[in-house]
Amino acid sequence: MILETASKEQIQSSTDFLPLEGTDFVEFYVGNAKQAAHFYITAFGFQALAYAGPETGVKDRVSYVIRQNKLTFVLTTSLRPDNEIADHVNKHGDGVKFLALRVQDAASAWEETTKRGGKSYMVPKQLKDDDGEVVVSGIHTYGETVHLFIERKNYNGVFMPGFRRWENTHFITEDSGLLYVDHCVGNVGWNQMDVWVKFYEDVMGFKNILTFDDSDISTEYSALMSKVMSSGNGYVKFPINEPAEGKKKSQVEEYLEFFNGEGVQHVALATNDIVKTVRDLKSRGVEFLQVPTTYYDDLLDRVGKIDEDLEPLKELGILVDRDNEGYLLQLFSKPVQDRPTLFFEIIQRKGAKSFGKGNFKALFEAIEKEQAARGNL
Ligand code: FE2
């Protein structure tokens, strides 16, 4: 039996043509990278890590790299009006440009995905400095979003060639307990969900592990459909949302209108102590969606016994959901830029591998309240 299991695993890994080791970094194109980096450092508890700009030989842009545990964000702004970064910010506002994935072999990742129909963004490119070599390649996904493949096994530098260490020695913030990217969700246009499901299946070897339709997640107004795509080894998960017909405008439609196209809706950040993390983030000024306090009246009847005290969950507005394997705690921020586009989820998993379906209704009602306040419902 043991042998049989081992051989099955071997077969599985040998057929995973795109073994992903997780999220390497998330890069945002923003209007003012210096201030955006300061926001994530101050409000979310990241640390300064690296910098690229005119001083390091990059003439048309600046990039600030910040890190907290295994989470790395890159904030990039154009210094010129006439390049793809400036165009991206003009069209979409601040938002995610690159979901960079860690691989052992970036050339193989590019070959395997492009031969299956992936559209190349960047052919494999070796970047070298005194600390070694990073190989980067990339393919396009929904909207103007790009998956980079990052091979850094032969690199010992601070981030990547072209970057120098950035130390903010006079301003060190405490870690807020955010650990790594749990999942990244994309919003796509009408009738496009299955197109992108097929892309992740065919081009990247992902599997559709969960599906939500409007019977699961429509409230009176805000309907959407969602399919969760997972990499072969389960380390990378990309749920994809499509708007559905409702009485009024879906939250996904509001996103598509203001982002001016398809793009990343939210990035879920994992913590091992959501009460501590959310209390900390709130004290630093991060704004979260608030569900009605009646949500907590029958919470324990719905989810059963949980380790946490109910009071702090209620005080902080943390949501709980259970599946067959355990439960999860989660909370969603308000949009983190002026346009009602990108937001963050804070998630703590206690066995559950799902995405909080039981919270969708309460959550979407809270989102609709915000949409209505913006006059977009
Ligand atoms: Fe999520």
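For this structure, a couple of remarks:
- The trypsin sites (Lys or Arg not before Pro) found in the range 264-363 that occupy coil by DSSP, while having at most 12 further C-beta atoms within 10 Å, are Lys305.
- Rounded D (µm²/s) - the range 178-374, Kirkwood Rh over Cα pairs, Stokes-Einstein at 4 °C, 1.567 mPa s: 75 µm²/s
- Highest-fluctuation residue, His140, His38, His170 considered, GNM on the chain with Cα pairs under 10 Å: His170
- Coarse-grained scattering of the chain at q = 0.11 Å⁻¹, given as base-10 log I(q)/I(0) from a Debye sum over alpha-carbon atoms: -0.80
- Percent RCO, i.e. relative contact order, over the range 17-165, from Cα pairs under 8 Å lying at least 6 residues apart: 26 percent
- Over the chain, DSSP H runs of length four or greater, each weighted -39,500 (n - 2.57), average out per residue to a 222 nm ellipticity of -8000 deg cm²/dmol.
- Near the amide H of Glu287, within less than 5 Å, lie the amide hydrogens of Lys334, all on another chain or at least 5 residues away, with H placed in the peptide plane.
- Cα Rg, Dmax (largest Cα-Cα span) when computed across the range 49-93, Å: 11.9, 35
- Of all the options Asn187, Asn324, Asn32, the one that moves most in a Gaussian network model of the chain with Cα springs shorter than 10 angstrom is Asn324.
- Translational diffusion of the range 152-280 was estimated from the Stokes-Einstein equation, with Rh taken as the Kirkwood radius over Cα pairs; at 25 °C and 0.890 mPa s the coefficient is 141 µm²/s.
- Relative contact order of the chain, taken over Cα pairs closer than 8 Å and 6 or more residues apart, is 15 percent.
- Over the range 17-165, equivalent-ellipsoid semi-axes from the Cα gyration tensor in Å: 23, 19, 15
- For the range 17-165, the per residue solvent-accessible surface stands at 41 Å², with DNA, RNA and ligands left out and a 1.4 Å probe.
- Measure of compaction for the range 302-361 (Cα Rg per 2.2 N^0.38 Å): 1.22
- Residue among Ser226, Ser215, Ser137 with the largest mean-square fluctuation in a Gaussian network model of the chain, springs linking Cα atoms under 10 Å: Ser215
- Each Cα pair under 8 Å and six or more residues apart adds its sequence gap; the mean of these over the residue count of the range 245-350 is a relative contact order of 36 percent.
- Note that the range 178-374 presents 42 Å² accessible area per residue, ligands and nucleic acids not counted, probe 1.4 Å.
- Semi-axis lengths (Å, descending) of the ellipsoid that matches the C-alpha gyration tensor of the range 218-302: 25, 21, 16
- Cross-link reach is defined here as a Cα-Cα straight distance under 25 Å, omitting same-chain residues fewer than 8 places apart; for Lys353 the lysines meeting it are Lys8, Lys70, Lys198, Lys207, Lys227, Lys237, Lys276, Lys305, Lys314, Lys334, Lys361.
The values are calculated or read from the model by the stated rules, or taken from the named source; none is laboratory data. This is a predicted model, so every value here is computed, not measured. Cβ coordinates were reconstructed from backbone atoms using ideal geometry, including for glycine residues, and neighbour counts include every protein chain displayed. These accessible areas exclude ligands, DNA and RNA; they are computed on the full protein's heavy atoms, side chains included. Shrake-Rupley method; radii C 1.70, N 1.55, O 1.52, S 1.80 Å.
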